[in-house]
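The values are calculated or read from the model by the stated rules, or taken from the named source; none is laboratory data. Everything numeric here is computed off the predicted structure, so don't read it as measured data. Methodologically, a virtual Cβ is constructed for each residue, glycine included, from the backbone with ideal geometry; neighbour enumeration extends over all protein chains shown. Please note that ligands, DNA and RNA were not included when accessible areas were found on the heavy atoms of the full protein model with its side chains. Shrake-Rupley method; radii C 1.70, N 1.55, O 1.52, S 1.80 Å.
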Amino acid sequence: MLTVLPRKVEQAIQSIQVLVVDDNPYMRKVLRNLLTNLGVKYVTEAGDGIAGLEAIRLLAPDMVLLDWEMPLLNGAELVRIVRSPGVFPVPDVPIIMITGHGQRWRIVEAARLGVNEFLRKPVSGKSLLDRMTAILINPRPMVRLGEYYGPEPRKLFCEPAAQDAVRRIDSEALVS
C-alpha cells in the first residue's frame, strides 16, 4: 500500500473488479501490479479492444483502465461503442483512459467521448489512486446531452460560436 487510505476508500478499492485493456503485455503487468499494490483484489486483462469489449459485456467490471493506441479497435472507438445506452449492455462503466500521448486534442476528445478520467503514461500509483478515488467516492452522474452520453462534464463543451460569444462578453466587461 502506498499510503494510509481512509477506510471508505480502502474498502471501495478492495471490493472492485478492474479490467485492464492494453495491447502491450508489459503495460498490463505494470498496471496490474499498481492496482494490486493499491489493494485491488480482482483484476482482469484484455489484450486488445475487441477482447476488451467482450470482457466488459461478460464481466460488467466496476472500472476499466483503457489504452488509447491499440490495433483493430482503439480505445476511442471502444468508448464510442460502450457509451451507447440501449445498444451496449454496460454503458455506465467508469473508464480511465491511459495513453502515452498527452496532446490537448486527445484529452478533449476523451472527455467528449465520455471517459471519466485521463492519465498519461508513465502512470504513478498516486495518480491512478487519485483518479480511482474520484470515480469511487465522488462519482459524476451519467447524463445525455445531445449526442453525448457519459459522466456529467466538469465544464460544458460549448460550440466554438458560443465560446466566441463568451469571450466577447468577457472582453466587453473588461473594457467597460
Report task. State whether one or more residues within the range 111-134 are farther than 22 Å from residue 14 by Cα, assigned to a strand (DSSP E or B) and touching a His at 6+ places or on another chain (Cβ under 9 Å). Result -> yes
Query - Residues within the range 1-29 that are farther than 17 Å from residue 75 by Cβ and hydrophobic (A, V, I, L, M, F, W, C), tallied - result: 8
Report task. Could you please give the count of residues in the range 59-76 that are open to solvent by less than 20 Å² (accessible area, probe 1.4 Å) and of a type outside the set (A, V, I, L, M, F, W, C)? Result -> 3
Query raised in the report: Can you name the number of the only condition in (1) part of a helix (DSSP H, G or I); (2) exposed (fewer than 13 other Cβ atoms within 10 Å of the Cβ); (3) touching an Asp or Glu at 6+ places or on another chain (Cβ under 7 Å) that residue 108 fails?
Result: (3)
Report summary line: Expected single match for closer than 30 Å to residue 7 by Cβ and under 11 Å from the mean Cα position of the chain (by Cα) among 93, 123, 43 is 93
Query raised in the report: If you go through the range 109-154 one residue at a time, how many are in contact (Cβ under 8 Å) with a residue 24 or more places away in the chain and of a type in the set (Phe, Trp, Tyr)?
Result: 2
Requested in this report: Mind listing just one residue for me: the one in the range 77-105 that is assigned to a helix (DSSP H, G or I) and more than 16 Å from residue 54 (Cα to Cα) and, of those, most open to solvent (accessible area, probe 1.4 Å)?
Outcome: 104
Requested in this report: Would you check if there is a residue in the range 20-29 being of a type outside the set (Lys, Arg) and in contact with a Phe, Trp or Tyr (Cβ under 8 Å, 6 or more places away or on another chain)?
Outcome: no
Report summary line: Matching residues in the range 128-143 (among the hydroxyl-bearing types (Ser, Thr, Tyr) and surrounded by fewer than 16 Cβ atoms within 10 Å (Cβ to Cβ)) number 0
Report task. Among residues belonging to the range 1-51 that are without any contact (Cβ under 8 Å) to a residue 40 or more places away in the chain and in contact with a Leu (Cβ under 6 Å, 6 or more places away or on another chain), point out the one that is least open to solvent (accessible area, probe 1.4 Å). Result -> 49
